[in-house]
Each structure stands twice: as C-alpha cells, then as structure tokens.
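A.B. asks: Submitted below is the structure of interest, expressed as structure tokens.
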Amino acid sequence: MRSKAALATASVLVLMPFLWMISLAFTPERDAFGSIGLIPAHPTLTNFTTAVTDARLGAAMLNSALVTAVAMVTNCLGAVAAGYAFALLPFKGATALFYTLVSTAAIPVSVTLIPLFLMAKSMPLAGGNDLTGVGGTGLLDTLGGVVLPYLVLPMNIFLARQYFSTADPHLAEAARMDGAGEWRVFWRIYFPLARPLVAVIAIFSFTAVWDDFLWPLVVTSSQETQTVQLALARFLSTGNVQYGPLMAGAVLVTLPVIAVFLFNQRAFISGLTDGSVKG
Amino acid sequence: MATLTEARPRDARAHRAPARGGRSRRWVGVLFVLPAALYLIIFQLVPVLYGLALSFTRYSPLSRSGPQPVGTDNYARLLADPEFGQALMVTGKYVLIVLPITVAIALGLALLAKQSFRGVGLFRSALYVPHIVSLTAVSMVWLWMYSQHGLFNEILALLGRPGQSWLLEEGSALNAASAMRIWKALGANMVLLLAGLQSIPSVLYEAARVDGAGRRAAFRHVTLPGLRPMLTYVIAMDIVFLAQGFAEIFVLTRGGPLGSTTTVNYLIYTEAFQYNRFGSASAMAFVLFAVIIAFAFLAVRGVGRRS
Amino acid sequence: MKSRYGLWAGLALVAGCGLSGGGPAQDTAKPADNAIAVWFPGTNQTEIDLVTKTIVPRFEKETGAKVKVTFLDWPDLSTKLNAAFAAGTAPDVFGHGPAAVADFVTNDRLEPLTADVARLSAQDREDLANALPGGQVGGTQYLMPLSMQGNLIAYRAGDFTKAGLDPAKPPATWEAVKEAAKKLTKRAGGKITHAGLLLPSHPIGRQQTFAGLLGSAGGEQISADGKNVAFDSPAGIKALDYFVSVYQGPDAVANQLGVNYQDMPIAQQPLVTGDASMTVLAPQMVQQVVKASPDLDVRVMPVPTFEGTAQGVAVGGAGPGLMINKDSRQKDLAWKFISYMISPATSLEYTQGIGAIPARVSASDSLYVKSSPVIQAFVAQAAHFRPNPNVPGWTQIRDIMAKHLEQALNKKVDSAQALREAAAEVKKILNG
C-alpha cells in the first residue's frame, strides 16, 4: 500500500530528532553528541535514575497531571459550549464578543505575564488573602495558580466555533419539538457528535499545559508545586547542560502524552463512525 | 435536583411557543458563553488591556515609582526604529516560509492518515510526537543536528559535499529555524485537518461517486469545501502562533546572525525581561497584535470566501 | 454593557495593585519567623546538591533558622525577579552576576552591605579583597561574590609540538598568539578546516573577547566615573582590528564565526573534536575537558598582552554573588546566611564543589587549588581579570556592543565605524 509506505517514511523522518533523544537518554554524559550513531557505545540507565531522583520527576509528573486534567475538563466544557453558542445560538453582540475574546491570543505572553501574576497574588480569599485580595500570597505557589491561565484557551473557542459552524442546525428540531431544553440539546445531541472536536481540544489543552514553562516558572517557587518542564529545566544549566538526564527525563514525560493521544485516537474514530454532526 | 426538575418544564414551554422560543434560545446562547467569556475577560482581556495601558508609559517592574505616562512616545520611537522594522520583516518572512509548507505537508499527511487501516493510530501518534516533546530538550538535538559535525553535515559529507554553517550564516539561519518550526507545528496541523476531514460525511463522497466524479473532482468539490472551516482555523492559528515565534529562535540562534532571525516577539522578550522596559515592550506587542489581526483577518476572509 | 463596566472595574483593580508599584509598605510575602527565601542563579547539579544537602542543612542546624532555597537558570532569573519585585514577593536573598547589580541599585531594591563588610575581621576583608570590588556600585558594597570567574586560552600541547611550537612556552603577546595560530591553522580548498585560535564570537562572548583585547591594548570600555563611553578609542580600534583579523582575511585563523562553543557538550568541544588548537574557556570547562580527555594534554596559558602595553586583560573578576532585598524583614538572618556562605571553610567547599576559582586569596594554599594545575593557573592570573563595568543598563549596553561588533566581524563596516556607531547608542543609555 503506497500511502502506508508514505506515512511510514514521513513518520520515521519526523521521529528522527526524537530517536536521538532516546539514544542520548542511554548515553553516558561524556559521550553525548560525540557521534552520529544511534546506538550508544556504552549504554547506561543512570540517566533515568538521575532524572527521577534529582529532579523529583515523579512528583512533578503528578502535579502536571493534576493541572492538565483540570484544564482538559474546563476546556472541553467551557470552550466547546462557548464555541457551540457562537456558532448555533447567536445573540446580540456575539460576533464582537467572539472576536474580542479570540484576539487576546495574539498578544505575546511577555506582556500579560506580570499583570496575570499580580492577579494570581491578589486572588480574593485564597492563600491568606481577604475579600479584597490583600494580606496573603493568593494563588502564588499553588497548583491552582499554575492552572489559572489555561482554564479556557481562546483558540479552543475559535476551533469549536469553526467546527459547529457547518453543523446541521435542524438536527435539534425534533428534540426541541419534544420539549428538550437547550442544555439537553447541546449535551445529548451536539456534544456527543462532536467527539473528534472534543478529542482535539482535549489533546491541545493537554499539551499546552504540560509543555508550558514560563508561567509555572514565575508562579511557583517551591519543590512541591513543580511541573514537569520546571523539573527538566534543572538539567539545562547554561554552560553545564546535563544531556543524559535531560533527555531521559524528556522521554519519560513525553510517554504519558503519547498515551493520552493514543487513547484519544479511539475517540476520534468512534466519533467518526457514530454518524455525523454535519448536514 | 429541585432546580433541575423545575427548569425543564419552563424550557419546554418556551419552545412550544415558537415566537418566544427564538428569543429564549438567544438568551440561552449567552448562558453557554458566559463561563468562558467571564473567565477570559478577567484573566485574558484585563491583562491585555493592562498591557495596552502600559504601552503609553515608561515602566520597569523593578522600580518603586510605578509607570510614568509618556503618551505615544513608545509608538513614535518604534516607527523610527530600523531594528523594529527589520524584526517585523523577519517575522513576516518567517510566517511566509513556515505556514504554506506546514499546511501543505500536514494536509497531505492528513489525507493519508485519514484512511483506516491497522496501525494508522501509531502513524498519527508518531507524526504528533514533535508537538508534544519538550522543546527545551529537543532543541538540544536540533542544535547538534545543525552543528559543525551534526547530522546534516555528516549527511552532506556522505554525499561528498562540504559542510554548512546552518545557524551561523545570514542566508540560512532563518530557514534553519523555520525547518525546526515546521517539524514542530506539523503534528498539530495534521491532527486538526484530520478532524476536519473526518467530519465530512461519507454520504457526500458516495453521492459524488454516483455522480461519476473522479478522485480529483471529489477532492475539489467535496473535500475542500468540507474542510474549509477547519482550514480557516488552521491558517488563522498558524498566523497567530507563528507571528509570535520566539522559543525556537531563543534556543537556536538568539536572534542572530546580524539580526537575521530576530523576530518581533524575540525583541519583546528582550525589551521586557532583559532591559526591564515594559512600556516599550508592550507597545511592540500591540503593533505586532495589529499586524497579526490584519493578516489573520485577510487569510480567514480569503479562505472562507473562496468557493 | 454590564460586562464593560465589569471590565473596567477589573482593570482598575489590577491597576490598583500593580501600578501603585509597591512603596515602602510592600512586603516580602509573609516570612515565617526566623526563615528566609534564597534564590540562587544557575542550576548546576553539583551546586544544587552541595547547597541543599550539605551547606544549608548545616547552617540551619547551627542557627536554628530555616532557609528555603530555589535554583534558577540564568535566562529565567530576570523573568522571575521582575514578576516577584512587581508583586512584592521577591526573596530575602537572591543571586546574580555583578553586571546586574547596578540596575537593582538604581531602583532602590538592594540593602547596602558596606557596614556589614566593615564589621568583618580585617583578615577576612583582606582575604576577600579581589572579590569585593566587583560587588560594589559607586563605592558601596551590594553584592557578595561567591566565586571568581574568568576565561583563559586553553590549548592542545600536542598540536603545538606538531607545529614546531614549544608547548611549555606559550605565546605571551596577542601578536605571537596570532603567529602561532597561523602555524596551527589548516585549510582545504581555501576554507579553514582546523582553527588555530577560536575567540568567542557569540553575542555575549564577542563583547567579552573585545573587552579583553581592549584592556590588553590599554583601553577602557566605560570611563571610570561610569558616565562616558571609552571604547571608541585607538586602543578599541586596535583591539577590534585584531579580533576581525582572527576571523577574516587571508591570515584568518578561526572559522565558525558566531558559534557558542563555550557552552557546547564536552564531546563537541573544539579542543576535543580536534577542530581547534586554542580556545577560550572557563575553568569549569577546562577541568571537564582535561578529565574527559587526559591524553590531549590540554593546558592554559597566561593572559596575553599586546606588544608595548603593560599587561594583558581578560574579562572576569568577581563572579556571581548574593544580594539582600531591601524590603526583606529578615535582614539580619539574610546577612548571617551570606556571611556563612563566604566564610573560609564554606567558601572553599562551595567553589571546589562547582569547580570555580575561589573567592578568597587564602584558598590558593588549599588542597583544592594545589591539586589542580588548571585552577592553579586561573588563580595565578587573578590580577589580569577585570570585570565589566557596573553601570545601570549594562545588559543593554553589552547587547548594543555585541550588535556592532558583529557588523565589523562580518566586514559590513570597518572597526572605527562599528565602534563609533556603538558608542553613539551606548551614550544614550548612559545618559538615561
């Protein structure tokens, strides 16, 4: 099968840098990048133990998992519901609101980082703050603070709107005739049919949170709230990079994401065979 | 529980009366949007507007005196700054290199990966791996691949060609950074286009076949129109994110050589966090914002309207 | 409409807490009694282990205090400090390089330490004499350096022998270095395949290379009062001409212009791969190279001078150190911690642990220095290391210099013009 061969070739090409990461994960420090061979001359497992013990990768993965799980759920509900309404339940001012919300994705994080940090610190009733957000540290150095900017990603609303924009608006007529409320129409009819969309939003939210570095860097300060990328950064000391543990750690933290993706694949395919949202 | 059972008959009544149903449905639309909108207004829009306010001030987070209003000075200075102009050009070039190639390859791969055969999930995952692998770690591998004795030069050597200084030449550095970004962006683009392809009802293909349409005709009359909303999104998303390209530049070239890879967002980062000048960094960000929105708008209109 | 009011209310809220920018009422968020937060620059694993597993626990045991340590890589330090200072959550003690100190001082963020230093014993002060000036701005001590830093030319002795040079008598002048490099350089088809001498030419590296050459030619970067540009001088042109001649022209001895080899992994170090015979490296890297490839017989040479000038100069001197946040509520404990870090035993333990040049003169008699020819060579050159100027806006000045040096190194403009243009831009920064 030609397309299979083409896909296989593309996959191998795309995976090349990743293959070297795996190879480096098994390579002793002094040999790192010494040759272009993929099989290490003196294979070792110490990089993995270093990654897990020195960077406390296990705890960091647990933190990241918690934070990403929350962001996945809130995005799959909040962004999908909003995108659905923008596409199928228009209201006065909807278009203006839609463009305003989505356009915030075009402002570099450098600009919003500090105001967001101030807001996290002044979050009322959190971390010792009173109702006016004064007195304590708010959400700073908490997992709640880490997840704060990802609860709804604006581009996910855009994506959901695009997806529902070609959906068949008559699909719900029958249900509405039967007296189903709008929430029921959405939850029982459109949401299940939008499974491919939900799967994509889930995986995108997952990667956005799992991979982010700058915000967790700024908002956390103790070991207890470290995320995976912060844990890995420990091996990235300027001028003194520890290549082996870095790669071993990076490979370890990539595996759960691949697992989530593979799991999502099933949702993709079943979403496809269940029927279609389009008319 | 009580509120739920109460709510249902009210909804039902609303829909039985068609005249009121339309208005009520609109009101429901607001409710659907409300949680996300409220959240985004507070935690996205407010910081953005704060940044907008800062762009008319001089402000270092280290200072104790807070921002000093300077009117439109920051913007005036930018317009006269050749470095900012160059950065805008570099950013535009970067988007124009990365975007078409990424979308074209991603579309090709999505068409291939759309078919269902055993193990296709593995291929999809493999193609998605670059998007999820830690950038900081994998950038080390790319740095090495581009280095004097890296993979690319070794391949050239096998072909009997002289090695290149990929990241060190004015002419090749941006292309080298673009290659890494294409690699990184491919998976997300493909997954989106795949979802778009999968949402095209197979009935339409069957109908086209019944009408005697060949594969090319089916692509043009079924696939492309069906894919348009997703394609619009993919292109808009690419413009928004590529125009803010920073991380790959930071790890590969630090903006060099001779400023040939200094993107606007790289300047913004330096201005904000190296020089502590948040006022002018914000001004840069809003100029970039205007450019991004303009191009995304044009692209969305272009893709959306063509039929 | 309602949402718009909410929006402005929200904006006003942020503006209220942010724009007011923290007057004296600003807190270092709630320190527990007898506890301090310390941010260290760099994420060197040996350093992390040494500090968190040995030094800090010992300090805590001796004093009964709590020290919460966070390590941050250099590029992340400014980002995090910026956000923390804006919100008033900056740590009690934080570290940075000497070049960053002036900006913190300008913004009134640092506790002056002159009085604390004066309370140290005379012997201590003498012992730290090399390190202290690098932590001063306008004569006031703000930063206590934990180590010394500096780069020297490391060379492959075997290459010298093969090229008919005496590795025991390395060149003493830049002119002689260039002559030696010419003999060591190899070409194929007009292209350099083996560099005789690699001078750092990446952005930060090329400013340092230039500064070293400039000092060796008898010049200064910024006038002593920190108010005027001094590098656009005949000495500056001489230095830059030399730098350019290393990379350009028929007598060039270096390739890979712009590459940052100083931060490359061991196996890719030009000395290890055999791509160069002489490179400029920090002591940590030289030690690693020597350890990884003892057969290469890598040695370091003294800082060269230019013919006819008094002494060679390399960028270096005081290394990264610790400062005290002016708003800290635990200044006494903060100073106690810093003075513990710079005490003779801990200081030696620390610099040995990270492979750096010790901050104390007395450490030159220690086993650490005595047993390492590399560190010994760096310690012996201490008098030649000169720090970059501690002036506000230094990061930007450095980047401006790097930008114009790059123009000259690529032969876009000549040395005089590059320095003139750089000087014009730097003047604007110096004048605020």
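The values are calculated or read from the model by the stated rules, or taken from the named source; none is laboratory data. No experiment lies behind these values; they were computed from the predicted model shown. Cβ coordinates were reconstructed from backbone atoms using ideal geometry, including for glycine residues, and neighbour counts include every protein chain displayed. Keep in mind that these areas ignore ligands, DNA and RNA; they rest on the heavy atoms of the full protein, side chains included. Shrake-Rupley method; radii C 1.70, N 1.55, O 1.52, S 1.80 Å.
A.B. asks: Taking the stretch B:168-181 as the region of interest, how many residues are open to solvent by 20 Å² or more (accessible area, probe 1.4 Å), closer than 25 Å to B:Val133 by Cβ and not charged (D, E, K, R)?
C.D. replies: The total comes to 3.
A.B. asks: Sort through C:Ser347, C:Ser339 and tell me the only one that's of a type in the set (Gly, Ala, Ser), open to solvent by less than 20 Å² (accessible area, probe 1.4 Å) and not assigned by TED's automatic domain parsing to the domain that holds C:Gln311.
C.D. replies: Residue meeting the stated conditions: C:Ser347.
A.B. asks: Got a sec? Which of A:Ala180, A:Ala208, A:Ala175 is of a type in the set (A, V, I, L, M) and not in a helix (DSSP H, G or I)? Walk me through it before giving the result.
C.D. replies: Details: A:Ala208 fails: not in a helix (DSSP H, G or I); A:Ala175 fails: not in a helix (DSSP H, G or I).
Checking each option against the conditions leaves just A:Ala180.
A.B. asks: Which one of B:Ile293, B:Ile268 is facing another protein chain (nearest Cβ under 8 Å), without any contact (Cβ under 8 Å) to a residue 24 or more places away in the chain and farther than 26 Å from C:Leu81 by Cβ?
C.D. replies: Values: B:Ile268 fails: farther than 26 Å from C:Leu81 by Cβ.
After ruling out the rest, the residue left standing is B:Ile293.
A.B. asks: Would it be correct to say that B:Ala213 is over 26 Å from B:Leu174 (Cα atoms) and touching a Lys or Arg at 6+ places or on another chain (Cβ under 8 Å)?
C.D. replies: Working: over 26 Å from B:Leu174 (Cα atoms): yes; touching a Lys or Arg at 6+ places or on another chain (Cβ under 8 Å): no.
Judged against the criteria, B:Ala213 is not a match.
A.B. asks: Mind checking which residues of the stretch A:6-49 are small (Gly, Ala, Ser) and outside any helix (DSSP H, G or I)? Write out each step before concluding.
C.D. replies: Step one: list which residues in the stretch A:6-49 are small (Gly, Ala, Ser), which gives A:6, A:8, A:10-11, A:23, A:25, A:32, A:34-35, A:37, A:41.
Correct list: A:Ala32, A:Gly34, A:Ser35, A:Gly37, A:Ala41.
A.B. asks: With the stretch C:68-173 as the region, which strands (runs of 3 or more DSSP E) entirely inside it contain at least 3 residues that are modelled with pLDDT of 95 or more, more than 14 Å from chain B (Cβ to nearest Cβ) and out of contact with any Asp or Glu (no Cβ under 9 Å at 6 or more places or on another chain)?
C.D. replies: Numbers: elements: C:93-96, C:147-150, C:152-156.
Because the criterion is at least 3 residues that are modelled with pLDDT of 95 or more, more than 14 Å from chain B (Cβ to nearest Cβ) and out of contact with any Asp or Glu (no Cβ under 9 Å at 6 or more places or on another chain), the strands (runs of 3 or more DSSP E) in the stretch C:68-173 that meet it are C:152-156.
A.B. asks: If you don't mind, there's one more thing I want to ask. Working carefully through the options C:Arg360, C:Arg420, find the one that is in contact (Cβ under 8 Å) with a residue 12 or more places away in the chain, in contact with an Asp or Glu (Cβ under 6 Å, 6 or more places away or on another chain) and surrounded by fewer than 20 Cβ atoms within 10 Å (Cβ to Cβ). Spell out the reasoning first.
C.D. replies: Numbers: C:Arg360 fails: surrounded by fewer than 20 Cβ atoms within 10 Å (Cβ to Cβ).
That would be C:Arg420, the only listed residue that is in contact (Cβ under 8 Å) with a residue 12 or more places away in the chain, in contact with an Asp or Glu (Cβ under 6 Å, 6 or more places away or on another chain) and surrounded by fewer than 20 Cβ atoms within 10 Å (Cβ to Cβ).
A.B. asks: Go through the stretch B:66-81 residue by residue and tally those that are in contact with a strand residue (DSSP E or B) (Cβ under 7 Å, 6 or more places away or on another chain), in a loop (DSSP other than H, G, I, E, B) and not aliphatic (A, V, I, L, M). Can you show your working first?
C.D. replies: Taking the stretch B:66-81 as the starting set, the residues that turn out to be in contact with a strand residue (DSSP E or B) (Cβ under 7 Å, 6 or more places away or on another chain) are B:67-70.
Remaining after also requiring in a loop (DSSP other than H, G, I, E, B): B:67, B:70.
Subsequent filtering for residues that are not aliphatic (A, V, I, L, M) retains B:67.
The total comes to 1.
A.B. asks: Yes or no: B:Gly255 open to solvent by less than 20 Å² (accessible area, probe 1.4 Å), farther than 23 Å from A:Ala233 by Cβ and not hydrophobic (A, V, I, L, M, F, W, C)? Talk me through it step by step, then tell me what you get.
C.D. replies: Values: open to solvent by less than 20 Å² (accessible area, probe 1.4 Å): yes; farther than 23 Å from A:Ala233 by Cβ: no; not hydrophobic (A, V, I, L, M, F, W, C): yes.
For B:Gly255, the condition - open to solvent by less than 20 Å² (accessible area, probe 1.4 Å), farther than 23 Å from A:Ala233 by Cβ and not hydrophobic (A, V, I, L, M, F, W, C) - is not met.
A.B. asks: Let me ask something else. So A:Ser237 clears everything in (1) surrounded by fewer than 24 Cβ atoms within 10 Å (Cβ to Cβ); (2) at pLDDT below 85; (3) within 11 Å of chain B (Cβ to nearest Cβ) except one condition, right? Which one?
C.D. replies: All conditions are met except number (3).
A.B. asks: Report, by residue number, each residue of the stretch A:215-234 that is facing another protein chain (nearest Cβ under 7 Å) and not hydroxyl-bearing (Ser, Thr, Tyr).
C.D. replies: Those that are facing another protein chain (nearest Cβ under 7 Å) and not hydroxyl-bearing (Ser, Thr, Tyr): A:Leu217, A:Val218, A:Gln229, A:Leu232, A:Ala233, A:Arg234.
A.B. asks: Applying the selection to the stretch A:9-21, what residues are open to solvent by less than 60 Å² (accessible area, probe 1.4 Å) and more than 7 Å from chain B (Cβ to nearest Cβ)? Break it down into steps so the answer makes sense when it comes.
C.D. replies: Narrowing the stretch A:9-21 to residues open to solvent by less than 60 Å² (accessible area, probe 1.4 Å): A:10-11, A:14-18, A:20-21.
Answer for the stretch A:9-21, where residues must be open to solvent by less than 60 Å² (accessible area, probe 1.4 Å) and more than 7 Å from chain B (Cβ to nearest Cβ): just A:Met16.
A.B. asks: Right, next: Here is a check on your reading of the model: is C:Leu322 open to solvent by less than 40 Å² (accessible area, probe 1.4 Å), at pLDDT 95 or above and under 21 Å from the mean Cα position of the chain (by Cα)?
C.D. replies: Working: open to solvent by less than 40 Å² (accessible area, probe 1.4 Å): yes; at pLDDT 95 or above: yes; under 21 Å from the mean Cα position of the chain (by Cα): yes.
The answer is yes for C:Leu322.
A.B. asks: Where in the stretch A:50-103 are the helices (runs of 4 or more DSSP H), entirely inside, with at least 3 residues that are open to solvent by 40 Å² or more (accessible area, probe 1.4 Å)?
C.D. replies: A:57-74, A:94-103
A.B. asks: If you don't mind, another one. Find all pairs meeting these conditions: Cβ atoms under 6 angstrom apart; at least six residues apart or on different chains; first residue within the stretch C:281-297 and within 12 Å of chain A (Cβ to nearest Cβ); second residue surrounded by fewer than 19 Cβ atoms within 10 Å (Cβ to Cβ).
C.D. replies: Pairs found: C:Ala292/A:Arg30.
A.B. asks: Sticking with this one: Within the stretch A:112-119, is there a residue that is touching a Cys at 6+ places or on another chain (Cβ under 9 Å), modelled with pLDDT under 95 and in a helix (DSSP H, G or I)?
C.D. replies: Going residue by residue through the stretch A:112-119, those that are touching a Cys at 6+ places or on another chain (Cβ under 9 Å) are A:118-119.
Subsequent filtering for residues that are modelled with pLDDT under 95 retains A:118-119.
Right, trim to in a helix (DSSP H, G or I) and you get A:118-119.
Yes.
A.B. asks: Out of the stretch A:24-45, which residues are touching a residue at least 60 places away in the same chain (Cβ under 8 Å) and either within 13 Å of chain C (Cβ to nearest Cβ) or touching a strand residue (DSSP E or B) at 6+ places or on another chain (Cβ under 6 Å) (or both)?
C.D. replies: Within the stretch A:24-45, A:Leu24, A:Thr27, A:Pro28, A:Glu29, A:Ala32, A:Phe33 meet the criteria.
A.B. asks: If I filter the stretch A:204-221 for residues that are β-branched (Val, Ile, Thr), within 20 Å of C:Thr89 (Cβ to Cβ) and touching a helix residue (DSSP H, G or I) at 6+ places or on another chain (Cβ under 6 Å), do I get at least one hit? Working first, answer last.
C.D. replies: Initially, the stretch A:204-221 is screened for residues β-branched (Val, Ile, Thr), giving A:207, A:209, A:218-220.
Applying the additional criterion that residues be within 20 Å of C:Thr89 (Cβ to Cβ) yields A:218-220.
Filter again for touching a helix residue (DSSP H, G or I) at 6+ places or on another chain (Cβ under 6 Å), leaving A:218-219.
For the stretch A:204-221, residues β-branched (Val, Ile, Thr), within 20 Å of C:Thr89 (Cβ to Cβ) and touching a helix residue (DSSP H, G or I) at 6+ places or on another chain (Cβ under 6 Å): present.
A.B. asks: Looking for whichever is in contact with an Asp or Glu (Cβ under 9 Å, 6 or more places away or on another chain) and either open to solvent by 30 Å² or more (accessible area, probe 1.4 Å) or in a helix (DSSP H, G or I) (or both) here; the options are B:Leu62, B:Leu49, B:Leu31, B:Leu40. Which one fits? Show your work before the answer.
C.D. replies: Details: B:Leu62 fails: either open to solvent by 30 Å² or more (accessible area, probe 1.4 Å) or in a helix (DSSP H, G or I) (or both); B:Leu49 fails: in contact with an Asp or Glu (Cβ under 9 Å, 6 or more places away or on another chain); B:Leu40 fails: in contact with an Asp or Glu (Cβ under 9 Å, 6 or more places away or on another chain).
Only one candidate qualifies: B:Leu31.
A.B. asks: Here are some conditions: (1) surrounded by fewer than 17 Cβ atoms within 10 Å (Cβ to Cβ); (2) closer than 21 Å to C:Gly135 by Cβ. C:Phe385 meets all but one. Which one does it not meet?
C.D. replies: Looking at each condition in turn, C:Phe385 falls short on (1).
A.B. asks: Return the residues of the stretch A:198-214 that are within 11 Å of chain C (Cβ to nearest Cβ) and within 13 Å of the chain's Cα centre (by Cα); say none if nothing qualifies.
C.D. replies: Applying the first criterion (within 11 Å of chain C (Cβ to nearest Cβ)) to the stretch A:198-214 yields A:213-214.
Answer for the stretch A:198-214, where residues must be within 11 Å of chain C (Cβ to nearest Cβ) and within 13 Å of the chain's Cα centre (by Cα): just A:Phe213.
A.B. asks: As an exercise: evaluate C:Gln269 against (1) in contact with a strand residue (DSSP E or B) (Cβ under 8 Å, 6 or more places away or on another chain); (2) closer than 23 Å to C:His384 by Cβ and give the number of the one condition it does not meet.
C.D. replies: (2)
A.B. asks: Among (1) at pLDDT 95 or above; (2) within 14 Å of chain B (Cβ to nearest Cβ); (3) within 20 Å of A:Val146 (Cβ to Cβ), which single condition is A:Ala82 missing?
C.D. replies: (3)
A.B. asks: Of the residues C:Thr89, C:Thr79, which is open to solvent by 10 Å² or more (accessible area, probe 1.4 Å) and either on the phi < 0 side of the Ramachandran plot or under 23 Å from the mean Cα position of the chain (by Cα) (or both)?
C.D. replies: Numbers: C:Thr79 fails: open to solvent by 10 Å² or more (accessible area, probe 1.4 Å).
Answer to the selection: C:Thr89.
A.B. asks: Give me a count of the residues in the stretch C:317-360 that are out of contact with any strand residue (DSSP E or B) (no Cβ under 9 Å at 6 or more places or on another chain), assigned to a helix (DSSP H, G or I) and over 26 Å from C:Glu111 (Cα atoms).
C.D. replies: 2
A.B. asks: Next question, about the same structure. Can you give me the number of residues within the stretch A:136-194 that are small (Gly, Ala, Ser), open to solvent by 40 Å² or more (accessible area, probe 1.4 Å) and either facing another protein chain (nearest Cβ under 10 Å) or in contact (Cβ under 8 Å) with a residue 60 or more places away in the chain (or both)? Give the derivation first.
C.D. replies: Let us first name the residues in the stretch A:136-194 that are small (Gly, Ala, Ser), namely A:136, A:138, A:144-145, A:160, A:165, A:167, A:172, A:174-175, A:179-181, A:194.
Cutting the leftovers down to open to solvent by 40 Å² or more (accessible area, probe 1.4 Å) gives us A:165, A:174.
Pick out the ones that are also either facing another protein chain (nearest Cβ under 10 Å) or in contact (Cβ under 8 Å) with a residue 60 or more places away in the chain (or both) and you get A:165.
Count: 1.
A.B. asks: Taking A:Ile201 and the conditions (1) modelled with pLDDT of 90 or more; (2) outside any helix (DSSP H, G or I), which numbered condition does it fall short on, given that it satisfies the others?
C.D. replies: Checking A:Ile201 against (1) modelled with pLDDT of 90 or more; (2) outside any helix (DSSP H, G or I), the one that fails is (2).
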